[in-house]
Every structure is written in structure tokens, then in C-alpha cells.
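Trainee: Here's a structure for you.
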Amino acid sequence: MKKFTTLAALAVFSLFSHAAHSAELLTNGSFESAVNLNAGGYCYQGFGDNCGPIQGWTGSTPAVIAQDSAPWSNPGSLPGFNASFGNQIAGVQTHPALGQSSLEQTVNGAGGLYTLSWYDAGRIGDGGQTYQVNFGGSTIGTFGVNSGQGWSLNSFTFTAAGGSQLLSFVGVGSQTDGTVFLDKVSLTGAPAVSPVPEPESLAMMLAGLGVLGGVARRQRKAV
């Protein structure tokens, strides 16, 4: 009897443990959705007449850039770029005409541990670019890329409060038309609302509850 009860309890525990696992909290972290640039194109969100919204993202004139965009010195040709990056990337800069640009997304997590990762690279032919990464009103760090710097991975684990929090990448420093390229941005953590159980997990929970019910009935008969 105790063995069956233990197995059923473990099945139910497994379901709720699965629901508490970290999940991807960002939308469109590779910037492939909605803008759909032509080959070699680019645009600034909110500036000009040819740039649609970047699904999931807002900000102050962030750039969306095709990986083979000649005006941006072909970001896809920089060392470290691979096919998993897709056809579009984002750019944040301090521009002489547009000023300080930013890329932002509001996320909703349960709080606790978060892991943020992203790739960055530097535009060829300018003075490089310094930028800040902020989350929930706090600065995670200040980073920078040099002119022509290849793609590299950044990753940080940190603790923050739950609820709606703003993640932002903000260009800082002198307005020299420097640019940091960004791609494959990921933020994982426990979601604010537990996800709906998958059919397999739900079936496991129901089977476990059925076993518990059967055990209880047998125990009543044995009394």
C-alpha cells in the first residue's frame, strides 16, 4: 500500500515541479518577426516610412538590420555569426541625428533567479559603441564593442523581483554613429503564472490521483 501511495505522490509532485521550471520569457529574441526587410535592407523603428513594429519590442529608434546589409558593413560576415542567428539583427547606437537609441521589452516573471544571454558585435568603420543593459530599474552592467568586433556570447544570472519588469539595451556615450549589433537575446526564469500542464503531465497527475483513490478505498474496506 505504501509503495503505491508513494509512487502516486511522486507523480503529482513531478507535475508541479515541471510547471515551476524556467521558461523563455522574451518574445522574438532573434528579431525575425514582423519587420521582414528586403535583402540588404535596414530601418529604424519609429523613424522613416519603411519600418514596421519589431514584435515584442519597443524603444527609442532601435535599428533592424538585414545580416547582409551593405550600409552596415554586412554584420553577418563578422566572425562568430552562424545560420541560427537568422536573417535580421537589431542595432542600438548613439547617433548624431537620432540621439541615444534603446531596445526594450516588458516581461512578466515570478521573481527569483533569472538568466539573461545575448550575442553582440561591433559595426565596421566606426568608433565602437558602449551600451547599458537594465532590468527592473537596475543596471545589470555596462558593456562595449569595438569597431568590427566579432559576435560573442554574454550571459548573466541575477536575482530580481517578480511581476512586470522592463528589460532594456541602451546606447550610451558620445554620439559618433557607433553601433552595437544584438541577436539571440534570451531571458529565462519562472513565469508569473504557471503554464497549463501538457497532456502527458496531466495524464500522469490523473493516474496518480486514481491510484491514491484506489488505495484509500482498499484501506477503508480493510478496516
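The values are calculated or read from the model by the stated rules, or taken from the named source; none is laboratory data. Here the structure is a predicted model, which is why all the values come from computation and not from measurement. Cβ coordinates were reconstructed from backbone atoms using ideal geometry, including for glycine residues, and neighbour counts include every protein chain displayed. The area values use the complete protein model at the heavy-atom level, side chains included, leaving out ligands, DNA and RNA. Shrake-Rupley method; radii C 1.70, N 1.55, O 1.52, S 1.80 Å.
Trainee: Is it the case, given these coordinates, that VAL35 is at pLDDT below 95 and open to solvent by less than 30 Å² (accessible area, probe 1.4 Å)?
Mentor: yes
Trainee: Here's a follow-up. So in the stretch 121-137, with the set limited to residues that are buried (at least 24 other Cβ atoms within 10 Å of the Cβ) and small (Gly, Ala, Ser), which one is farthest from VAL185 (Cα to Cα)?
Mentor: Out of the qualifying residues, it is GLY122.
Trainee: Taking GLU24, is it under 17 Å from GLN105 (Cβ atoms), open to solvent by 30 Å² or more (accessible area, probe 1.4 Å) and at pLDDT 95 or above?
Mentor: Answer is yes for this residue.
Trainee: Name every residue in the stretch 58-98 that is of a type in the set (A, V, I, L, M, F, W, C) and farther than 22 Å from PHE143 by Cα, in order of residue number.
Mentor: Residues satisfying the conditions are ALA66, ALA70, ALA83, ALA97.
Trainee: Here is a follow-up. Of all residues in the stretch 67-78, which are under 23 Å from the mean Cα position of the chain (by Cα) and farther than 12 Å from ILE124 by Cα?
Mentor: GLN67
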